[in-house]
Amino acid sequence: MSYNITLIPGDGIGPEITAAVLKIIKHTGVDINWEIMSAGMEAMDKYRDPLPQETVDSIARNKLALKGPLTTPVGKGFRSVNVALRKEFDLYINQRPAKTFKGVKSHYDNVDLLIFRENTEEFYSGIEHYIDSSRSAAETIGIITRRGCERILKYAFEQTQLLGRKKITVVHKANIMKFTGGLFLDISKEVAVNYPLIKYEDKIVDNMAMQMVLNPNQFDSIVTTNLFGDILSDLASGLVGGLGFAPGANIGQGAAIFEAVHGSAPDIAGQNIANPCALVLGAVMMLNYIKEHKAADKIEKAVSKVIEDGLFVTKDINPTNYVGTKEMGEAIMKELDRQ
Ligand code: NAI
């Protein structure tokens with residue numbers, strides 16, 4: 001079977017890591033016709049539009065995309081293309097696993113967290129403005145809907161059950177944001193009733209952050225609203241050795257976009273030192289999504305082995321004895337050959 005999939009290489013370290021990922025996927029024999037499209041800074045330079053219509057059309061046609069990181073100007077300039085894509089295709093689920101790899105120096109062993117983040121509502125809706133031209137005050141509106149809460153919560157409980165996970169932690173700030181946080185919390189209790197075998201608990205986000213740092217192994221699945229999910233998933237990646245290992249899936253009814261949790265890392269771009277694993281693992285999630293489980297398992301095993309051996313890994317994994325992005329990708333392919 002052959003697949004048409006949109007590829008957005010992205011900017012910063014995006015092109016380097018996507019190049020490695022494409023070679024690895026090709027090596028498994030899965031037949032993909034990549035439609036290479038631009039977005040973000042590159043598209044801004046080329047088309048004066050950070051999200052060109054032909055990129056949107058390509059994803060609409062293929063219903064599937066693999067995306068490198070995209071830079072968003074801070075505090076000015078165009079709005080996030082990542083957020084725009086999630087809204088355009090109503091990708092309301094952001095699924096972000098954080099798992100320990102043997103061979104990666106981190107503070108904990110055996111961390112295995114699965115974060116479900118609501119991906120379209122609340123403070124990422126882009127409803128914001130300065131109240132006057134002298135910028136004396138600013139307002140960002142975070143709307144949470146019953147529909148938005150229900151669909152992410154149902155998906156999180158359903159996946160938790162399907163994956164044989166035992167517990168779900170609902171994270172909120174309903175003590176202060178009594179309406180938005182309160183709605184999310186109330187609906188979580190309504191949904192939980194249908195999943196009696198999953199242990200349910202809720203935690204206020206500040207306590208949750210502290211508990212995750214103190215003892216991440218007490219958590220299993222985590223479901224939360226947009227902003228908290230964004231922050232807690234970076235925190236979770238820090239628990240397993242950093243952003244270089246954290247993939248993410250943006251999933252809706254009609255389309256899905258797979259990526260790394262990390263950004264475009266401008267501080268290390270163009271140097272062949274970025275860790276390709278997060279996007280490789282994003283591709284693994286994509287292959288599982290299209291039911292190419294065999295290829296997905298093979299890549300995941302090869303990544304684990306290369307990291308565990310520690311001989312061909314990037315600088316973030318071993319600062320004293322490291323190889324480049326490209327070379328780590330090649331080591332993963334060699335490992336695929338050995339399997
Ligand atoms: P970042 O994730 O790009 O970088 C944070 C730190 O982690 C940096 O020190 C970077 O060198 C390091 N890092 C990130 N990925 C790495 C990798 N694969 N290997 C080794 N080290 C890695 O976050 P930052 O600096 O806050 O954001 C940079 C840009 O990326 C911003 O414009 C931001 O909006 C954008 N961004 C895009 C995302 C996406 O496309 N999904 C997600 C997050 C940020």
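The values are calculated or read from the model by the stated rules, or taken from the named source; none is laboratory data. This is a predicted model, so every value here is computed, not measured. Note that each Cβ is placed from the backbone with ideal geometry, even for glycine, and that neighbours are counted across all protein chains shown. What goes into the accessible areas is simple: the full protein's heavy atoms, side chains included, and nothing from ligands, DNA or RNA. Shrake-Rupley method; radii C 1.70, N 1.55, O 1.52, S 1.80 Å.
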Query raised in the report: What residues of region 102-132 lie in the reach of a label at Lys178, counting those whose backbone N is under 16 Å from a point 7 Å from the Cα along Cα→Cβ?
Result: none
Query - Accessible area of region 107-239 belonging to carbon and sulfur atoms, whole % at 1.4 Å probe - result: 57
Report summary line: In order over region 161-173: 3J(HN,Hα) from phi, Karplus 6.51/-1.76/1.60, θ = phi - 60°, whole Hz, x for each Gly or Pro, gives 5, 4, 7, x, 7, 9, 9, 10, 10, 8, 10, 7, 9
Query - Length gained when the stretch Ile131-Asn215 is fully extended (0.36 nm per residue, less Cα-Cα span) - result: 26.0 nm
Query raised in the report: How much accessible area per residue does region 115-160 have, in Å², with a 1.4 Å probe?
Result: 51
Requested in this report: Subtract the Cα-Cα distance of Asp206 and Lys291 from 0.36 nm times their separation in residues, and report this length gain in nm to one decimal.
Outcome: 26.9 nm
Report summary line: Expected vector for region 34-47, Karplus 3J(HN,Hα) from phi with 6.51, -1.76, 1.60 and θ = phi - 60°, integer Hz, x for Gly and Pro, equals 7, 9, 7, 10, 10, 7, x, 4, 4, 5, 4, 5, 7, 10
Requested in this report: For an R0 of 30 angstrom, estimate the FRET efficiency from the Cβ-Cβ distance between Leu197 and Lys105 and round to the nearest 0.05.
Outcome: 0.25
**Report entry** In nm, spacing of pseudo-spin labels at Asp45 and Gln253 (7 Å Cα→C-beta vector)
**Finding:** 3.9
Report summary line: Counting only residues 5 or more apart in sequence or on a different chain, those whose built amide H sits under 5 Å from that of Gly10 are Ala39, Gly68
Query - Computed label-point distance, nm, for sites Glu54 and Glu158 using a 7 Å Cα→Cβ extension - result: 3.6
Query - Nonlocal amide H pairs with Asp202, under 5 Å, H built at 1.01 Å - result: Val170
**Report entry** Sulfur and carbon atoms: percent of accessible area, region 1-64 [1.4 Å]
**Finding:** 52
Query raised in the report: Along region 304-321, what does the Karplus equation 6.51 cos²θ - 1.76 cosθ + 1.60 (θ = phi - 60°) give for ³J(HN,Hα), rounded to whole Hz, x for Gly and Pro?
Result: 4, 5, 4, 5, 5, 5, x, 8, 10, 10, 7, 4, 5, 8, 9, x, 9, 9
Requested in this report: Determine the gain in length on full extension of the stretch Ile36-Asn4; use 0.36 nm per residue of separation and subtract their C-alpha separation, reporting nm with one decimal.
Outcome: 10.5 nm
Report task. Starting from the Cα of Lys291, draw a straight line to each of the aspartates and glutamates and keep only those under 16 Å, dropping any in the same chain fewer than 8 residues away. Result -> Asp31, Glu300
Report task. Count the net charge of all other residues whose Cβ sits under 12 Å from the Cβ of Pro216, scoring Lys and Arg as +1 and Asp and Glu as -1. Result -> -2
**Report entry** Long-range amide H partners of Leu64 with built H, under 5 Å
**Finding:** Thr6, Ala256
